[in-house]
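Asker: Take a look at this one; I'll ask things after.
Here, each number is a calculation from the coordinates, and none is a lab measurement. From a predicted model like this one, the values you see are computed outputs, not experimental measurements. Counting neighbours? That spans all protein chains shown, and the Cβs are built from the backbone with ideal geometry, glycine included.
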Amino acid sequence: MVRLKDKVAIVTGAGTGIGAATAELFAREGAKVLIADYDSNSARTVAERIGPQAAAVQTDVRKDADTKAMVDACLKAFGRVDILVNNAGRGALGTVVTTAEEEWDDIMAVNLKGVFLCSKHVVPVMKASGGGNIVNVASTAAVAGIPDRAAYVASKGGVAALTRSMALDHAADNIRVNAVAPGVTWSNYYDRMLTQVPDPVAFKKGLQDRAPMGRVGQPIEIATAILWLASDESGFATGSMLTIDGGYTAR
């Protein structure tokens, strides 16, 4: 079964991790994909790996002009936008006391404002063509706090709430809006962390022990859930959040 035949998708933060896995899976399922990432080299690498079904664009989701240009690039390359995956995001350590104001503002700009801006420019395009599908990448942090991650937790809680609001606002436009909530999922972020922590073995074990399944998730496992929400198989789902966390939030 080719679940996204003749569909066109934009995936943000698609240069690495969950975003790259999602873009590659979408292409295998028949979609044309615009790879949007802050790192233009990473975006081009993923697009080249996919082949002629993909195009790449450098995008800073914090900026209105960049997100509009991203949508325009997709229309120029592929003529339409059927699916938007708002995956771009970042994290940082800190409580409300230790987090600098600039750090707080930047995490909110990437993780939450980015969803707002990308959706702001995609929704009218989807509406004009008869509908579409938006999948936002939230986090288990939207429903279960994490110590020393105040800004990240707040931003992902905002993504979950915005997902519900968008779903209500645009149901009549035939635009479904859902979210995924990954648990700890291995990425280059954790690869970098392993080079910075004093005990990499203990750090990795701590991540694995968060989930009852005793391991971290892999990007393709989250991408598969995003694919389901982006496909017609989830046709009655809107305003929902699908949790993929190895049992973490079941505790």
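Asker: List the aspartates and glutamates whose Cα lies under 16 Å from the Cα of Lys7, skipping any in the same chain that are fewer than 8 positions away.
Answerer: Glu24, Glu29, Asp82, Asp232, Glu233
Asker: Can you compute the helix-only [θ] at 222 nm over the chain? Use -39500 (n - 2.57) per DSSP H run of at least 4 residues, normalise by all residues, nearest 500 deg cm²/dmol.
Answerer: -14000 deg cm²/dmol
Asker: Okay, next question. Say we join alpha carbon atoms closer than 10 Å with springs in a Gaussian network model of the chain; which of Thr224, Thr95, Thr16 then has the biggest fluctuation?
Answerer: Thr95
Asker: Another question, if that's okay. Of the residues Gly183, Gly15, Gly206, which exhibits the maximal mean-square fluctuation in a Gaussian network model of the chain defined by a 10 Å Cα contact cut-off?
Answerer: Result for the chain, Cα springs under 10 Å: Gly206 fluctuates most.
Asker: Same structure again: Semi-axes of segment 114-208's equivalent ellipsoid from the Cα gyration tensor, sqrt of 5 times each eigenvalue, largest first, rounded to whole Å?
Answerer: Over the Cα atoms of segment 114-208, the ellipsoid semi-axes are 34, 13, 10 Å.
Asker: So which lysines can Lys5 reach, going by Cα to Cα under 17 Å and dropping same-chain residues fewer than 8 places off?
Answerer: Lys32
Asker: With springs connecting C-alpha atoms under 10 Å apart, model the chain as a Gaussian network and identify which of Val180, Val201, Val46 has the largest mean-square fluctuation.
Answerer: Val201
Asker: Tally Lys/Arg at +1 and Asp/Glu at -1 over every other residue whose Cβ is under 14 Å from the Cβ of Arg28; what's the total?
Answerer: +3
Asker: Could you tell me which of Pro124, Ala69, Gly206 has its Cα farthest along the dipole of the chain towards the positive end, charges placed at Cβ (Lys, Arg +1; Asp, Glu -1), taken about the Cα centre?
Answerer: In the chain, that residue is Pro124.
Asker: Next question. Select from segment 165-225 those trypsin sites (Lys or Arg not before Pro) which occupy a DSSP coil region and have at most 15 other Cβ atoms within 10 Å, ordered by residue number.
Answerer: Arg215
Asker: Can I ask one more? Among Ile35, Ile222, which comes first, then next, by fewest other beta-carbon atoms within 10 Å?
Answerer: So the ranking, lowest neighbour count to highest, is Ile222, Ile35.
Asker: Run down the lysines and flag those whose C-alpha is under 21 Å from the C-alpha of Lys63, throwing out any fewer than 8 positions away in its chain.
Answerer: Reachable lysines: Lys76, Lys113, Lys120, Lys156.
Asker: A follow-up question, please. Compute the whole-percent fraction of alpha carbon pairs in segment 1-59 spaced more than 14 Å apart.
Answerer: Cα-Cα pairs in segment 1-59 separated by more than 14 Å: 41 percent.
Asker: Give a residue-ordered list of calculated ³J(HN,Hα) values for segment 84-100 (Karplus: 6.51 cos²θ - 1.76 cosθ + 1.60, θ = phi - 60°; whole Hz; x for Gly, Pro).
Answerer: After applying 6.51 cos²θ - 1.76 cosθ + 1.60, I find 10, 10, 8, 10, 4, x, 8, x, 6, 6, x, 8, 5, 7, 8, 7, 5 Hz.
Asker: Which of the peptides 22-29, 36-43, 238-245 is most tightly packed, and how do the rest follow, going by the mean number of other Cβ atoms within 10 Å of each residue?
Answerer: 22-29, 36-43, 238-245
Asker: Give the residues of segment 104-128 whose amide nitrogen is closer than 12 Å to a point set 7 Å from the Cα of Leu75 in the direction of its Cβ.
Answerer: So the set is 121-128.
Asker: Under the definition of Cα pairs under 8 Å and six or more residues apart, what whole-number percent is the relative contact order of segment 81-134?
Answerer: RCO, segment 81-134: 60 percent.
Asker: Given N residues in the chain, what is Rg(Cα) / (2.2 N^0.38 Å)?
Answerer: Taking N as the residue count of the chain, the ratio is 0.96.
Asker: For segment 147-222 and segment 75-116, what is the separation of their Cα centres, given in Å?
Answerer: Using only Cα atoms, the two centres lie 13 Å from each other.
Asker: What relative contact order, as a whole-number percentage, does the chain give when Cα pairs under 8 Å and 6 or more residues apart are counted?
Answerer: It rounds to 19 percent for the chain.
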